[in-house]
Amino acid sequence: MDAAIDSYGGTRATWLDLSTGINPDAYPIPPVTADAWTALPDRNAHAALVAHARRFWNIPDAAAVLPVPGASAAIAQIPRLKPAARVHIPTPTYNEHMAAFALAGWTATRAADDAQAQAVVHPNNPDGRFWTAADLTAPMRIIDESFCDVSPDRSLVHVTDQPGTLVLKSFGKFWGLAGLRLGFVIGDPGLVEQLAERLGPWPVSGIALEIGARALADTGWAEQTRTRLAADSDRVDAMMTARGATVVGGTPLFRLYDVPDARVWQHGLAQQHIWTRTFPYSDTWVRLGLPAATGWDRLDAAL
């Protein structure tokens, strides 16, 4: 957004940022206790969050659960849990997984059966592809489910009781609380313990522990949100296809389209202070997130 403002003017308040996959109607922040602000996070708050996470995602008893300061913090550290070797990351996908493995000395391989680690985004960013447990065959398997809470029936969290498996969860996407910096790593207890040691004590704030526990306990909000997101993503599809775009895929949190020239579409919308996502590997793909309630008419007029 800062780069877009530098190029096209305006202020952050005047822009409609559709370049993310963040739920624009975030979970309502509940009141928090004074201790959440003034005391170091305690064991009880941590245990309560983990208990709610286990219930919400139906996590196997044998799998460990570690709250982390955002999924990105885990992504940066996980490649260092094993000696650097070969990693298989199907592309196109979220670039930070390969960047983290490369920084830790790993090399990419196109063959899954030649890899000591695999990382997949499930559903994939940007095309929404889902994977199966059978697709994951390497000794260490990272399944990034940052966008999977819109489709809980497709989650692979049930395989986290298998050695070498780690599932990542993000609070910034489905709950729309990206600024809370809360995520979870679920899976192999040995790997989770190593990750916890790398992150050190008190990695998650007391505010995040308390709000996260409240949100995970609110299953009614989650069900209503899934219904709304599905309807809103259909609405964006209708707007885009009416202007000649073709749906490539995506999730209820972001949509991917094929257009004649993605840079032209991005530039035209940016001139009206609406920011979208394009990709260095495609001249025709453009990705849009969902607008907030006040942004629908503006997006329609801009298109």
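The values are calculated or read from the model by the stated rules, or taken from the named source; none is laboratory data. Just so it is clear, the model here is predicted, and its values are computed rather than measured. In this analysis, Cβ positions are derived from the backbone assuming ideal geometry, glycine residues included, and neighbour counts consider all displayed protein chains. In case anyone asks, the SASA skips ligands and DNA or RNA and just uses the protein heavy atoms, side chains included. Shrake-Rupley method; radii C 1.70, N 1.55, O 1.52, S 1.80 Å.
Within the stretch 61-73, restricting attention to residues that are closer than 16 Å to G179 by Cα and touching a Phe, Trp or Tyr at 6+ places or on another chain (Cβ under 9 Å), which residue is surrounded by the fewest Cβ atoms within 10 Å (Cβ to Cβ)? It comes out as G70.
May I ask you to verify whether W131 is farther than 21 Å from I211 by Cα and assigned to a loop (DSSP other than H, G, I, E, B)? The answer is yes for W131.
What do you reckon, is V150 touching a residue at least 24 places away in the same chain (Cβ under 8 Å) and either open to solvent by 50 Å² or more (accessible area, probe 1.4 Å) or farther than 23 Å from N95 by Cβ (or both)? Please lay out each step first, then the result.
Values: touching a residue at least 24 places away in the same chain (Cβ under 8 Å): yes; either open to solvent by 50 Å² or more (accessible area, probe 1.4 Å) or farther than 23 Å from N95 by Cβ (or both): no.
Criteria not met by V150.
All told, E210 falls short of being out of contact with any Leu (no Cβ under 7 Å at 6 or more places or on another chain), farther than 27 Å from G289 by Cβ, surrounded by fewer than 21 Cβ atoms within 10 Å (Cβ to Cβ) and at pLDDT 95 or above. Among residues of the stretch 276-297 that are over 16 Å from T246 (Cβ atoms), those with a beta-carbon under 9 Å from a residue that is among the aromatic types (F, W, Y) at least six positions away or on a different chain give the pairs R277/F254; R277/W285; G289/F254; L290/F254.
Listed by first and then second residue, the pairs linking a residue in the stretch 169-180 that is touching a residue at least 40 places away in the same chain (Cβ under 8 Å) to a residue that is of a type in the set (D, E, K, R) and open to solvent by 10 Å² or more (accessible area, probe 1.4 Å), with Cβ atoms under 8 Å apart and 6 or more places separating them unless they lie on different chains, are G172/R181; G176/D25.
Take the conditions (1) in contact (Cβ under 8 Å) with a residue 60 or more places away in the chain; (2) open to solvent by 50 Å² or more (accessible area, probe 1.4 Å); (3) closer than 28 Å to S155 by Cα; P252 misses just one of them, which is (2).
Quick check on G176: is it open to solvent by 10 Å² or more (accessible area, probe 1.4 Å) and part of a helix (DSSP H, G or I)?
Values: open to solvent by 10 Å² or more (accessible area, probe 1.4 Å): yes; part of a helix (DSSP H, G or I): no.
Answer is no for this residue.
Among the conditions (1) surrounded by 15 or more Cβ atoms within 10 Å (Cβ to Cβ); (2) closer than 27 Å to G250 by Cα; (3) without any contact (Cβ under 8 Å) to a residue 60 or more places away in the chain; (4) under 21 Å from the mean Cα position of the chain (by Cα), the only one that T109 does not satisfy is (4). Residue-level check: of (1) of a type in the set (D, E, K, R); (2) in contact (Cβ under 8 Å) with a residue 40 or more places away in the chain; (3) within 20 Å of P92 (Cα to Cα); (4) open to solvent by less than 10 Å² (accessible area, probe 1.4 Å), R129 misses just (4).
Suppose we filter the stretch 264-281 for residues that are of a type outside the set (A, V, I, L, M) and in contact with a helix residue (DSSP H, G or I) (Cβ under 7 Å, 6 or more places away or on another chain); how many remain? Can you show your working first?
First pass over the stretch 264-281, keeping only residues of a type outside the set (A, V, I, L, M): 265-268, 271-273, 275-281.
Filter again for in contact with a helix residue (DSSP H, G or I) (Cβ under 7 Å, 6 or more places away or on another chain), leaving 271-273, 275-276, 278.
The total comes to 6.
When W57, W37, W15 are checked against the criterion of being in contact with a Leu (Cβ under 9 Å, 6 or more places away or on another chain) and among the aromatic types (F, W, Y), a single residue qualifies: W57.
Under the condition of being assigned to a loop (DSSP other than H, G, I, E, B), surrounded by fewer than 18 Cβ atoms within 10 Å (Cβ to Cβ) and of a type outside the set (S, T, N, Q), the residues counted in the stretch 45-60 number 1.
When only residues in the stretch 255-290 that are under 22 Å from F130 (Cα atoms) and of a type in the set (G, A, S) count, which is surrounded by the fewest Cβ atoms within 10 Å (Cβ to Cβ)? Ranking the candidates gives S282 first. Residues of the stretch 179-191 that are open to solvent by 10 Å² or more (accessible area, probe 1.4 Å) and farther than 16 Å from D149 by Cβ: G179, R181, D188, P189, G190.
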